[in-house]
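The values are calculated or read from the model by the stated rules, or taken from the named source; none is laboratory data. Predicted model only: the values in this text are computed from it and were never measured. Virtual Cβ from ideal backbone geometry, glycine too; neighbours counted across all protein chains shown.
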Amino acid sequence: MTLKTSLKGVAVLCAATAVSCGGPKSDLPVYMDESKPLDERVEDALGRLTLEEKVALIHAQSKFSSRGVPRLGIPDLWTDDGPHGVRPEVLWDEWNQAGWTNDSCTAFPALTCLAATWNPEMSALYGKSLGEEARYREKDVILGPGINIYRTPLNGRNFEYMGEDPYLTSKMVVPYIRNLQKNGVAACVKHFALNNQEAHRHTVNVTVDDRALREIYLPGFKAAVQEGGAWSIMGAYNLYKGQHCCHNEYLLNDILKDEWGFDGAVISDWGGTYDTDQAAMNGLDMEFGTGTDGLTVSAKNAYDKYYMALPYLEKLRSGELPVAQLDDKVRRVLKLNFRTAMNTHKPFGSMNSPEHLAAARQIGGEGIVLLKNDNSVLPIDLDSAKKILVVGENAIKMMTVGGGSSSLKVQHEVLPLEGIKTAAEGKAEVIYERGYVGDVSTVFDAVDSGQDLSESRSESRLISDAVKAAKEADAVIFVGGLNKSTNQDCEGDDRRQYGLPYAQDKVIEALAEANSNLAVLLVSGNAVEMPWIDKVPAVAQVWFLGSQAGNAIADVVFGKVNPSGKLPFSFPVKLEDSAPHALGAYDVADETEYKESIFVGYRWHDTRNIAPLFAFGHGLSYTTFGYSNVRADKSSMSSDGILKVSVDVTNTGSRQGKEVVQMYIGDEESSLPRPVKELKGFRKVDLAPGETATVTFEVEPEMLQFYDDVEGCWKSEPGKFTAYVGAASDDIRGTVEFELK
Ligand code: BGC
């Protein structure tokens, strides 16, 4: 037997039955022989395990790890958040960081920003880079990506997800997973399912009709499993059909495992397990995080008390619960282990490499969405603007610390003010005014950003100082929005208001009056109300961008990068324009009924004819694009054929730029209510001035289907359909009709 010590300080024992770790391959037991089929190895290992060893494999032994089988040289499994970077090491049984000095990561832009790139190549780069960081830190499972659908702008966790559309989510999640997993690191796609609000997340029971479940809330997960090949999935905290989603028979056994053929492991959300019998029978494979707020609070042998630990073992021993279900869990956990921890072919990874920082900057720049740009206020021309005023707390506050489990520890976060100063250096003077005070706290889970954000001036003084400076500046950039504090963009609860917090509206109004060269940059993962929109010439949605935030922002502000992001969710004018709020269907006494059914986001705005402030798919560029000649290759298609819709897109402006060409489809004759149109294709093209590209979308029969909740199957009905091609859901440049025969 040999001992191998890993970075984590965990001893990995090589099997007594094997010769040694470095021994000749032919002497390896089947389960260790990577040349053998995975299922054969799993069966071999399973046959060697005692009941106690099996149970030990399926629940946590620390905040983020579960036990292997030391006797057989099967290592422990290490998970970590996720989804925007690799979380710092924590104490054995506490959320607080352990204080290591070698665990600072690259923080990548939040997933809302990734979705806003509408570029699957960016998703692949994201997954690859994050996977390399996870490998370097010897993580086996990354707790992400998060892909819950954006249902209400109040959800505190929207920033961790990919927006309101199932098609966009599906296309963006797959490359993330595939490229992450190429590193021998499993994705743990979360939170399955219907975790669309944070308020009362442990107790809320979601009622949703089968059409909305299948058409809106599940497609991203299905794509993650069937196309992305995700090796694990995290159950959600909330309930559905009265059962917690971490052990929900319908979601986990019937849909995920039986219908979709998922062969990975279902991992509970941390503290999302509530019952041994349900956990045993309803599809949960691994239990994490139950009631362990540090051993000082919970019992000393907390992990033995897990629902899937001793209580389960006792019921197995007495025959009250069947071993067959346990064996299914163990098979899945072994498979997960073989794919990750026990994969000897995986690369070593790297952390904070120049490539990763460049990736974070590139993804950030590509995800920034230019919402409005009257008088070409942006980009700021450094040949003419000699004095630039930056206003706002979000220009100087670190956003990688806070927000819940996605909080990170970075070596350095380039703040917006720093990025702007660096880019303007030697060309323009950059001055700063605070404008407002939001939250001056700097610590999360014992990670301290080390910033001093204290400010003694009154609200009116802060505004008058900013206005005075604005009057003397050639250009003003306001950097505000939300932050990662409770009731903002933060896990654990929802926002309390749709409007901007901390009296920012007043500051923006005052700045707009003082200087007409004003650009408002919104750092957030959510839509906000903009009562000042008609007075402000330029607005950009700049998200939470991670380590390279300031550089990515400066790239767009000064025109080094031509913005090409498009909104992955709608910005309603007011909260009541969003379906759940219009229908009183948000967070009603722990019972939330999704009364809007499939009419989420733009599907609601379109169908009800409620113009949004900024529509799903909207995003401007520093150049312009002309669309012409929208056409189909035929006028009808059969239920097993393909129809091609094409459009010519020309860069009609004077600089190089990328455009996201979007195709939506509407069913004109349907027996059931359907949205006016739904996204069914998009392509990002890069065009030089004057250049034209022909973009062709393939319409496949599945794209025309709806879920028939009476018969319980996907169906398409013959008849007329319209393909809408355009630059946003509210900017359709051409349509073409066709028939499904
Ligand atoms: C979150 C998960 C996270 C887990 C571990 C939970 O509270 O909901 O998304 O992965 O904690 O930090």
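Do we find that residue 358 is away from the ligand (no atom under 16 Å from the Cβ), at pLDDT 95 or above and either of a type in the set (Val, Ile, Thr) or assigned to a helix (DSSP H, G or I) (or both) in this structure? Considered against the rule, which asks whether it is away from the ligand (no atom under 16 Å from the Cβ), at pLDDT 95 or above and either of a type in the set (Val, Ile, Thr) or assigned to a helix (DSSP H, G or I) (or both), residue 358 comes out as yes.
With surrounded by 18 or more Cβ atoms within 10 Å (Cβ to Cβ), within 13 Å of residue 661 (Cβ to Cβ) and more than 27 Å from the chain's Cα centre (by Cα) as the only criterion, which of 728, 693, 723 stands out? Even if it seems obvious, please write down each step before you answer.
Working: 728 fails: more than 27 Å from the chain's Cα centre (by Cα); 693 fails: surrounded by 18 or more Cβ atoms within 10 Å (Cβ to Cβ).
Matching residue, one of 728, 693, 723: 723.
Candidates 492, 480: the one that is in contact (Cβ under 8 Å) with a residue 60 or more places away in the chain and surrounded by 19 or more Cβ atoms within 10 Å (Cβ to Cβ) is 480.
Quick one: in the stretch 57-74, of everything that is closer than 26 Å to residue 176 by Cα and of a type outside the set (Gly, Ala, Ser), which residue is nearest to the chain's Cα centre (by Cα)? Here the residue is 64. Listed by first and then second residue, the pairs with beta-carbon distance under 7 Å, at least 6 apart or on different chains, first residue in the stretch 443-470 and within 30 Å of residue 107 (Cβ to Cβ) and without any contact (Cβ under 8 Å) to a residue 24 or more places away in the chain, second buried (at least 16 other Cβ atoms within 10 Å of the Cβ) and among the aliphatic types (A, V, I, L, M), are 455/437.
Of all the residues in the stretch 349-402, those that are in contact with an Asp or Glu (Cβ under 6 Å, 6 or more places away or on another chain) and at positive phi number 1. For the stretch 154-174, taking the residues that are among the aliphatic types (A, V, I, L, M) and away from the ligand (no atom under 16 Å from the Cβ), the one that is surrounded by the most Cβ atoms within 10 Å (Cβ to Cβ) is identified as 172. With respect to (1) under 13 Å from residue 153 (Cα atoms); (2) buried (at least 24 other Cβ atoms within 10 Å of the Cβ); (3) out of contact with any Leu (no Cβ under 7 Å at 6 or more places or on another chain), the lone exception for residue 545 is condition (1). Tell me, please, whether a residue that is at pLDDT 95 or above and within 16 Å of the ligand (Cβ to nearest atom) can be found in the stretch 340-349. Scanning the stretch 340-349 turns up no residue that is at pLDDT 95 or above and within 16 Å of the ligand (Cβ to nearest atom).
To keep it simple, each residue is scored yes or no on (1) under 28 Å from residue 362 (Cα atoms); (2) not in a strand (DSSP E or B); (3) not β-branched (Val, Ile, Thr).
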| site | (1), (2), (3) |
| --- | --- |
| 509 | no, yes, yes |
| 512 | no, yes, yes |
| 539 | yes, no, no |
| 585 | no, yes, yes |
| 595 | no, yes, yes |
| 610 | no, yes, no |
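Scanning the stretch 197-235 for residues that are out of contact with any strand residue (DSSP E or B) (no Cβ under 8 Å at 6 or more places or on another chain) and not in a helix (DSSP H, G or I) yields a count of 9. Out of all the residues in the stretch 436-444, is one or more within 16 Å of the ligand (Cβ to nearest atom), surrounded by 15 or more Cβ atoms within 10 Å (Cβ to Cβ) and on the phi > 0 side of the Ramachandran plot? No - not one qualifying residue is present in the stretch 436-444.
Scanning the stretch 666-690 for residues that are more than 30 Å from the chain's Cα centre (by Cα) and among the aromatic types (Phe, Trp, Tyr) yields nothing.
Give the stretch 224-238 a look and list any residue that's without any contact (Cβ under 8 Å) to a residue 60 or more places away in the chain, within 16 Å of the ligand (Cβ to nearest atom) and of a type in the set (A, V, I, L, M, F, W, C), or say none. Hits for the stretch 224-238 are 230, 233. For the stretch 238-291, the set of residues classified as crowded, with 24+ Cβ neighbours inside 10 Å, under 17 Å from residue 218 (Cβ atoms) and touching a Gly at 6+ places or on another chain (Cβ under 8 Å) consists of 245, 246, 248, 251, 252, 256, 266, listed by residue number.
Checking each residue of the stretch 128-141 against the condition of being of a type in the set (Val, Ile, Thr) and away from the ligand (no atom under 13 Å from the Cβ) gives no match.
Every test in (1) at negative phi; (2) in contact (Cβ under 8 Å) with a residue 60 or more places away in the chain is passed by residue 576 save one, and that test is (2). For the stretch 50-76: of the residues being of a type in the set (Lys, Arg) and farther than 29 Å from residue 409 by Cα, which is nearest to the ligand (Cβ to nearest atom)? This residue is 54. Restricting 112, 79 to residues that are within 16 Å of the ligand (Cβ to nearest atom), touching a Pro at 6+ places or on another chain (Cβ under 8 Å) and hydroxyl-bearing (Ser, Thr, Tyr) narrows the list to 112.
Scanning the stretch 175-223 for residues that are farther than 21 Å from residue 267 by Cβ, more than 16 Å from the ligand (Cβ to nearest atom) and buried (at least 21 other Cβ atoms within 10 Å of the Cβ) yields 175, 208, 212, 213, 214, 215, 216.
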